[in-house]
1. Of the peptides 121-134, 323-336, how do they stack up when ordered by the mean number of other Cβ atoms within 10 Å, highest first?
2. Please report the net charge: other residues with Cβ closer than 12 Å to the Cβ of residue 207, K and R +1, D and E -1.
3. For an R0 of 30 angstrom, estimate the FRET efficiency from the Cβ-Cβ distance between residue 49 and residue 107 and round to the nearest 0.05.
4. Consider a paramagnetic label point 7 Å from the Cα of residue 338 along Cα→Cβ; state which residues of segment 232-266 have an amide N under 16 Å from it.
5. Of 393, 185, how do they rank once you tally other Cβ atoms within 10 Å and put the fewest first?
6. Could you give me the percent of Cα pairs per 5 Å distance bin for segment 20-135, shortest bin first, beginning at zero and ending with the bin that holds the maximum distance?
7. Roughly how many whole Å is it from the C-alpha centroid of segment 43-90 to that of segment 210-261?
8. At 0.36 nm per residue, and after removing the present C-alpha to C-alpha distance, how many nm does the segment from residue 119 to residue 380 gain when stretched out fully?
Amino acid sequence: MLVSSLFATMMVPALPVQAAGIRSVQVGEAQIVIRFDEAVGGATSFVLAGPDRIAIDVSDAEPGPAATASSSLVASVRQGRPDGQSTRVVLDLARPAVIGRGSFSADGKALTLAIAPASDGQFEAAARSAPRAITNPAIGFSKPPRSTYSVSTTLDPAAKGLPRPKIYGPKGRPLIVIDAGHGGHDPGAISPVAGQREKDITLSVARKVRDEIIAAGRFRVALTREDDRFLVLRERSAIAKNLGANLFISIHADSAGGSGATGATIYTLSENASDAEAAKLAARENKADILNGVNLGGENAEIASILVDLAQRETMNSSSNFANLLRREASSDLRLRSDYHRMAGFAVLKQPDMPSILLEIGYLTNSEDVDRIASETGQRRIATGLRKAIDIHFAQRVAMR
């Protein structure tokens, strides 16, 4: 049964921070170490193209002495003040390189970041990615409010192997996998309005989406389940991964304590959840996982970690872009909430190189939403809206290539 919970905001007062001076910047073949004479407020790292460079903005810091790079990746190191409260350390690259996760020392006086050579494609992906914030644990900070969404159910024993669903559509086209939430002994939410079960509505909508995509003839499509069966959460995205899916859409119907909540919501993976997932993958002893066609089995731990991180960030960006496309192309069909895009750590969204969204098509606790999402007309409109967004999504990807 789907249960939505809003946790109270926990505010930790920020400690006053005096501007600390940069003592040294050491650039090696595998890592960058920046040392300070006092703890700093935090940092942000990002990649810039044309000219190619890596930038690290350090909060509450003053520039330090000139630094030289003892690395084949970095031609020179510069420091500057983009504003009155931070210092920017710029690494002018001699050849394409990417930067991995960074961490501060326990006393907050040293920042270490991994760096590794990259292909042109990997560098371009990194340059398109959003800046990554690095929190200094030695400095207090405020946590924003967050909502979490959890799913609990009695699980069936895990079956041996994963189902391999039927794939519809012309060979060689991009593959979209549609996941109908719940199923089998897990009905999901049950409407107090007319008793409709979430598992039945999501399956009916998934079939409509499949039929809409097949009729368009531009893509392939598969359903994780085509009947009333139960799948463990992780199995759903794993099925799509095994099929080589280019886009994964998990369909659900929401519920709330009252009847006032209404509208559809699009969820993508939160950065905290993606960091934890990427760390798990990078830490595996057998890194035979393939990300975007790159086999990590031959990479060392640092480079594997950076490649996993890049793949996850690129996937999150693509998922968020699709969420925005869905709003633009299908808002009238889906009747989205005003705060339509949310982020959470859903298990079905955690494949690191497959753009994924979880779509809550409406509230089973709202009579108007039930009339819309349980009706033949309403479900076909949802399918049409999704198909329009899918068309634009893949057209944009082709244009980018």
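Please treat every number below as a calculation from the coordinates, not as lab data. Note that the coordinates shown come from a computational prediction; the quantities given were computed from them, not determined experimentally. Using ideal geometry, Cβ is built from the backbone for each residue, glycine included, and neighbour counts are taken over all protein chains shown.
1. Descending mean neighbour count gives 323-336, 121-134.
2. Combined, the nearby Lys, Arg, Asp and Glu give -2.
3. Numbers: r = 35 Å, r/R0 = 1.16.
E(calc), rounded to 0.05, equals 0.30.
4. Inside the label zone: 260-265.
5. Values: 393 20, 185 13.
Least crowded to most crowded, the residues run 185, 393.
6. In order of increasing distance, the bins hold 2, 13, 25, 26, 20, 10, 3, 0 percent.
7. Distance between centres, Cα-based: 44 Å.
8. Difference between extended and current length: 89.6 nm.
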